[in-house]
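First up is the structure itself, then whatever we jot down about it.
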Amino acid sequence: MNERALADIVGPAHVLSGDLAAGYEIDWSRRFGGPSRCVVRPGSTAEVSAVLSLLSREGVPVIPQGGNTGLVGGGVPAPSGEPPVILSLRRLDWIDPIDPLAGQVTAGAGATLGAVQRHASEAGWEYGVDLAARDTATIGGTVATNAGGIRVIANGMTRAQLAGIEAVRPDGTVISHLAGLAKDNTGYDLAGLLCGSEGTLAVITAVRLRLHRPEGATTVGLVGVADYAAALEVMAQARARTRVLAAEVIDAVGMRLVTSVAGLPWPLQAPHPLVVLLEVADGGDASGLPFDDDDDAVVAVEAGDRARLWEYRERQSEAFSSLGVIHKLDVSVPLASLARCATELAHLVGDHPDVTDVGVFGHLGDGNIHVEIAGPAADDLAIDHAVLAHVARYGGSISAEHGVGRAKAHELHLCRASEQVRIMRAIKAAWDPDHILNPGCLLLPM
Ligand SMILES: Cc1cc2nc3c(=O)[nH]c(=O)nc-3n(C[C@H](O)[C@H](O)[C@H](O)COP(=O)(O)OP(=O)(O)OC[C@H]3O[C@@H](n4cnc5c(N)ncnc54)[C@H](O)[C@@H]3O)c2cc1C
C-alpha cells in the first residue's frame, strides 16, 4: 500500500508512522497493542470515505480509533498478524448548536464526551452518559462501544441516547440518518446495531444524541457497609425515597489504593469491606440518602464537596494502574446474584498463585463490577477465563460495558449460543464482506 495515496486524501501531516504512531498502537491499560502500517487522521466524512474506499480496494485491514480509552484492546492492533492502518477519528470534533425543539444535538465522532457534556450544559441541557475517561473518550467511541458509565441507573446506556447516526461502510459508502425523528419505525434500527459494534461493521462519523433536562441540586454520600447484601439494601432504600442518579461501590483494596495513590484523605471513620457511593436527586437537602446515626457515612451537597467524594470512585482505574499491568474484567450479574457471585469470585481470584492483588469497584446499581487483578503476565489469560466462566455460570455477562474487543473474543461462547454467533457473523459479512474492518475484534477470524 502506498502511503502517498493516503497523504493525497488527508494531507501529509495526517499520515503518521514510527514514533508518531506509537501512542496509537498501545492501549490505555498498556496491556494490548501491536504494530500498525500507519495512522491516518481524516478531517471529514468525505475523507473517511475516500480512505476506506482506497484501503478496501487494496484489501488492507483498518482499525477505527477514537480516544483510545477502550479497555479490551478493540481499538489497537493485535501483536501479530497483518499490520492494519489505524483510522483515528479525533479530528472530526465538531459539535452543532443544540436543537432546543427536539432536545437533541448532532456531533462529529471525534468530539470528546466531555466536550459534548459541556456544550449541552452551557445551553441548559444535559447529556445522559458520563464516565471517568470523559475528556479523552470520543463520542464516536462511546457509541461504538455502547458505553455505560455512572448514569446508567438513571438514563440507560449510550444506545438509549442515540437518535441517529452517520457512518461509512468499508467500501466508502456513506449511510446518513441524522434527522433524529422521535418516531421512526421503518425497518431495522441500523443506528442501534452500529451502537456497540466496536468498529467491526462501519466507521461512525457523526451521531445525533438525545439530551435530558438537568436534575437540579443533588446530594452525594459515601457509606461503609459490611457486604454486598448491605450495599444493595442501602441502594434500594435510596430508590424508595427518590430518584437515584448513581449507585457505585468500591471495596477495601480500592479504597486503600485510591487514598495512597491519589493522596486522598480517608473519608470515613473506619475502614469497611465495601464503600457505597450514592448520588440522588433530592434538591440538594440530603433527604434522599437513607443514612442514620449508626452509619459511618459522609454527605456532600455543595458542588465542590460532591466532586471530592466522587474522586474516590473516579480515580479507581488510575489507582489500580499503579500496581502495573492490570487484568481488568468488566462483568455483570443479575442483582439478586451479585452478593454470592462476588464473594465466591474474591476467593477464586485470591487463591490463584500468581495473583498479588485483587480489588473490585463498579456500578452497583447495574450489577456491574470491575475486577482488577495484578500479578499474572499481560498475556496470561488463565485468570481472565476463570473469572468470566464464573460469571457466566451466574447468567451474567462477560462484558457489561467495555465491549468484547480482542481481549474477550475467544470467550464470546460463554455468553452467546453458537446460533447467535452465526447470526452475528452473517451481519458482519453483510456490512463488511471482505472483512477488512477491525478483524479479530469481537468475532474471531473463521
Ligand atoms: C479511566 C477510565 C474509565 C472508564 N470508565 C468507563 C465506564 O464507566 N463505562 C464504560 O462503558 N467505559 C469506560 N471506560 C472505557 C472507555 O472509556 C469506553 O469504552 C469508551 O466508550 C471508549 O471510547 P474511545 O473514544 O476511547 O474509543 P476507543 O478506545 O478508541 O475505541 C473503542 C472501540 O470502538 C471502536 N471505535 C472507536 N471510534 C469509532 C468510530 N468512530 N467508529 C467506529 N468504531 C469506533 C474501536 O475500533 C474500538 O473497538 C473507561 C476507560 C478509562 C480509561
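Values in this text are rule-based calculations from the coordinates and carry no lab data. Computed from a predicted structure; not experimentally measured. Reconstructed Cβ throughout: ideal geometry from the backbone, glycine too, with neighbour counts over all protein chains shown.
Neighbour counts of other Cβ atoms within 10 Å put LYS428, LYS183 in the fewest-to-most order LYS183, LYS428.
Please report the net charge: other residues with Cβ closer than 15 Å to the Cβ of GLY304, K and R +1, D and E -1.
My count for the surroundings of GLY304 gives -3.
Other residues lying with their Cβ under 11 Å from the Cβ of SER17 contribute a combined charge of -2, Lys and Arg counting +1, Asp and Glu -1. Residue exposure proxy: LEU309, LEU211, LEU437, LEU268, ordered by other Cβ atoms within 10 angstrom of their Cβ from fewest to most, comes out as LEU268, LEU309, LEU211, LEU437. Residue exposure proxy: SER197, SER56, ordered by other Cβ atoms within 10 angstrom of their Cβ from fewest to most, comes out as SER56, SER197. Give the distance, in whole Å, between the Cα centre of the stretch 50-67 and the Cα centre of the stretch 259-336. Comparing the Cα centres of the stretch 50-67 and the stretch 259-336, I get a distance of 42 Å.
Taking the Cα atoms only, what angle lies between the long axis of helix 335-350 and the longest principal axis of the chain, rounded to 10 degrees? Helix 335-350 and the main axis of the chain meet at about 80 degrees. Per-residue ellipticity at 222 nm from helix content only, as computed over the chain with -39500 (n - 2.57) for each DSSP H run of at least four residues, stands at -9000 deg cm²/dmol. Each Lys and Arg Cβ is given +1 and each Asp and Glu Cβ -1; about its Cα centre, the stretch 104-210 then shows a dipole of about 140 debye.
What separates the Cα centres of the stretch 12-47 and the stretch 157-183 is a distance of 25 Å.
Once you wrap a convex hull around the alpha carbon atoms of the chain, what is its projected area averaged over all directions, in nm²?
Here the figure is 21.1 nm², rounded to one decimal.
Within straight-line reach of LYS328, meaning a Cα separation under 17 Å, sit the following lysines at least 8 residues removed in sequence or on another chain: LYS408.
Remark: the chain carries a charge dipole of roughly 1160 debye about the Cα centre, counting +1 on each Lys and Arg Cβ and -1 on each Asp and Glu Cβ. Using θ = phi - 60° in the Karplus curve 6.51 cos²θ - 1.76 cosθ + 1.60, the 3J(HN,Hα) couplings for the stretch 148-158 round to x, x, 8, 10, 5, 4, 9, 10, x, 7, 4 Hz; x is entered for Gly and Pro.
Within the same chain, aspartates and glutamates fewer than 8 places from LYS428 are excluded, and of the rest, those with a Cα less than 20 Å from its Cα are GLU58, GLU82, GLU166, ASP171, ASP189, GLU198, GLU411, GLU419. Within the shell of other residues whose beta carbon sits under 14 angstrom from the beta carbon of ILE165, the net charge comes to +1, with Lys and Arg scored +1 and Asp and Glu -1. The magnitude of the dipole of the stretch 3-88, with charges of +1 and -1 set on the Cβ of Lys/Arg and Asp/Glu and taken from the Cα centre, is near 120 debye.
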